[in-house]
1. What is the residue count in the stretch 65-84 for residues that are touching a residue at least 24 places away in the same chain (Cβ under 8 Å) and not in a helix (DSSP H, G or I)?
2. Starting from the stretch 203-216, take each residue that is surrounded by fewer than 12 Cβ atoms within 10 Å (Cβ to Cβ) and list its partners that are modelled with pLDDT under 95 and in a strand (DSSP E or B), counting only C-beta distances under 6 angstrom and pairs at least six apart or across chains.
3. Does residue 68 count as touching a strand residue (DSSP E or B) at 6+ places or on another chain (Cβ under 6 Å) and either under 23 Å from residue 176 (Cα atoms) or at pLDDT 95 or above (or both)?
4. Just to be sure before I move on: is residue 231 outside the structural domain of residue 71 (by TED's automatic domain parsing) and not in a loop (DSSP other than H, G, I, E, B) in the structure I sent?
5. Here is a list: 99, 117. Which entry is farther than 20 Å from residue 186 by Cα and in contact (Cβ under 8 Å) with a residue 24 or more places away in the chain?
6. Considering only the stretch 45-64, state which residues are in contact with a helix residue (DSSP H, G or I) (Cβ under 6 Å, 6 or more places away or on another chain) and touching a residue at least 24 places away in the same chain (Cβ under 8 Å).
């Protein structure tokens, strides 16, 4: 099976001078210029991981000749948020709980729910022009703390319905079907028939010297809230 590698590094205290330095100044020669989709604005939402993940997938689609797509970041973020709540309660609040995440969260959502274009689900209310999750994040945080205080480790039907109502009020309701280029799709059929993305084609790698190389380890990062394992390989590879 073909597998696409996602390389993950953590950079601390760095600054970017890309706007000031040209390729020639850095001593590089441009061999090929790859196409990319337009820059999106996450604005006041702690969902950079879903924007980065979608950007990567959109570039993959361009590279594979599938066309120029604008995928829905909030479709991914919303499903992931529901999973975070369930996991945080199951662990009795012992893991890190924020809207942040990593690429495997996107892969999990695609495997279980599919994908949608931005035109079908933007996660913005009709009067909203930017993503602003201040009220949403606060409401979810208060709800989770209340559930933990009551000793709740699994949401019942009423509590699940309440979470969905909060997400609907802030991000809009996810449609079960939608129209794209004249045809009706579900999120799963859109992923399979239009995008032709197989989530199992992707693996994540990183490079740390405090773990054996060429083996998997659980990345010690607070945003790896699912405890997923990465392949550890030398930088020279």
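1. 6
2. none
3. So residue 68 fails the test.
4. Yes.
5. 99
6. 47, 50, 53, 54
The values are calculated or read from the model by the stated rules, or taken from the named source; none is laboratory data. Here the structure is a predicted model, which means the values were calculated and not measured. Here the Cβ is made from the backbone with ideal geometry for all residues, glycine too, and neighbour counts use every protein chain on show.
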